1. Restricting attention to segment 36-58, which residues are crowded, with 17+ Cβ neighbours inside 10 Å and outside any strand (DSSP E or B)?
2. What number goes with the only condition from (1) open to solvent by less than 10 Å² (accessible area, probe 1.4 Å); (2) under 23 Å from residue 208 (Cβ atoms) that residue 343 does not pass?
3. From (1) touching a strand residue (DSSP E or B) at 6+ places or on another chain (Cβ under 8 Å); (2) buried (at least 17 other Cβ atoms within 10 Å of the Cβ); (3) modelled with pLDDT of 95 or more, pick out the condition that doesn't hold for residue 227.
4. State whether one or more residues within segment 297-318 are crowded, with 23+ Cβ neighbours inside 10 Å, part of a loop (DSSP other than H, G, I, E, B) and among the polar types (S, T, N, Q).
5. With within 26 Å of residue 212 (Cβ to Cβ), in contact with a helix residue (DSSP H, G or I) (Cβ under 9 Å, 6 or more places away or on another chain), of a type in the set (S, T, N, Q) and open to solvent by 50 Å² or more (accessible area, probe 1.4 Å) as the only criterion, which of 149, 134 stands out?
6. Note down all Cβ pairs under 6 Å where the first residue falls in segment 167-183 and is under 17 Å from residue 249 (Cβ atoms), the second is modelled with pLDDT of 95 or more and among the aromatic types (Phe, Trp, Tyr), and they're at least six residues apart or on different chains.
7. Quick test for you: out of 238, 215, pick the one residue that is closer than 24 Å to residue 149 by Cβ, surrounded by 18 or more Cβ atoms within 10 Å (Cβ to Cβ), touching a Leu at 6+ places or on another chain (Cβ under 8 Å) and among the polar types (S, T, N, Q).
8. Tell me whether segment 240-255 contains one or more residues that are hydrophobic (A, V, I, L, M, F, W, C) and modelled with pLDDT under 95.
Amino acid sequence: MPMLRAPLVALVVLALCGLGTGPLPSESHLTPAASYLPRFTARGGAPDAALLAHDPSSAPRNTYRSTGPGIRYADRFRAGSVTKTFVAVVVLQLAGEKRLRLSDTVERLLPGLIRGHGNDGRRITLRALLSHTSGLYDYTDDTSAHPLSASAAVRTATAHHPTAAPGTYTYSNTDYAVLGLVVRRVTGHTYATEIRSRVIGPLHLTGTSLPGSRTTLPAPHGRAYTRDPSDGHLTDATTLDPRTAGAAGELISTLSDLNRFYAALLGGRLLMPPQLTSALDTSATHGLYGLGVFPEQLSCGVTVWGHNGRITGSYVRTAATRDGRHTLTYRFDTDTLAEADTLEPALLEAEFCPS
């Protein structure tokens, strides 16, 4: 999956594992993926990069590697669109509890929200939102707008005509802004509250949070950088207002927390079998995207599942085998990377298809 598959692109601020209770994973045993990591700084231009892999079939089972002191094992960082998988889990859990149906339309749950300029909430289902087949315009593409709430983001989107007809895969951050509003309508709580009680708490994701309006990162953390496209100069972007990202990308997490989360999801510990099957169904998008996760088939026949996330100053991706037993999370302290379309697939091949 190319690095640009799931961006959260900038408006004003968007380019839109807890601390570890055991020994630090080995950094001396360089697996093929760990050995490959320095290419992201040498060729990709990232200030620093890091990865954490868990493979129960290898020794050691956990491998951590960083390219420099700018990224440490326990650092918190902004995870961008990885937020979408967390939101999708909540919606799918609510479906399993019969509190909503994936076939419900937006109009049924949020009357009048999506209307005008060819937008029609009567034609858009929750399944379409989860799979990015709603056709809704991506509010982050309107660089003149700076919405600081989900309702404002949706208003920005519906001021434009749809990008595509419902049923066509078109990645849109607006889809998950709407889903955040759906969660509040159904539960009476914000999506952040539901994620904390349903996912973060039960899995003991001590380094994961949803900051709301907080502009700073919790400790420990490194710095985050964005690159000026005109001259290549790096600018510090550690502090930003995450409200524009909202349910589409505000999450803060750690390497080990994301590995634990996707292992739990794919291992069946967060969703009942029918809902997990729905999450991994890519038929509506012709293999491109499920419900909050996407697959990538590697040359050795292994298909890995997960999500990536980009927000100003940060990029992260988690990929895992279908059973959730073998996981890899890697990140950079910038949202810009050269040669991403070749570097990322090669890293996944090195980790999941060792020769």
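1. At the first step, the residues of segment 36-58 found to be crowded, with 17+ Cβ neighbours inside 10 Å are 36-37, 39-41, 44, 46-55.
Passing the criteria: 36, 37, 39, 40, 41, 44, 46, 47, 48, 55.
2. With (1) open to solvent by less than 10 Å² (accessible area, probe 1.4 Å); (2) under 23 Å from residue 208 (Cβ atoms) applied to residue 343, the lone miss is (2).
3. Every listed condition holds for residue 227 apart from (3).
4. yes
5. Working: 134 fails: open to solvent by 50 Å² or more (accessible area, probe 1.4 Å).
Of the residues listed, the single one that is within 26 Å of residue 212 (Cβ to Cβ), in contact with a helix residue (DSSP H, G or I) (Cβ under 9 Å, 6 or more places away or on another chain), of a type in the set (S, T, N, Q) and open to solvent by 50 Å² or more (accessible area, probe 1.4 Å) is 149.
6. Note: pairs meeting the criteria are 174/139; 180/191; 183/191.
7. Values: 215 fails: surrounded by 18 or more Cβ atoms within 10 Å (Cβ to Cβ).
Criteria check complete, one pass: 238.
8. Residues of segment 240-255 hydrophobic (A, V, I, L, M, F, W, C): 240, 245, 247-248, 251-252, 255.
Those left that are additionally modelled with pLDDT under 95: none.
Checked against the condition, which is being hydrophobic (A, V, I, L, M, F, W, C) and modelled with pLDDT under 95, segment 240-255 yields no hits at all.
The values are calculated or read from the model by the stated rules, or taken from the named source; none is laboratory data. Note that this is a predicted model, so its numbers are computed, not measured. For neighbour counting, all protein chains shown are included, and Cβ atoms are generated from backbone atoms with ideal geometry for every residue, glycine included. All accessible areas refer to the heavy atoms of the entire protein, side chains included, with ligands and DNA or RNA removed. Shrake-Rupley method; radii C 1.70, N 1.55, O 1.52, S 1.80 Å.
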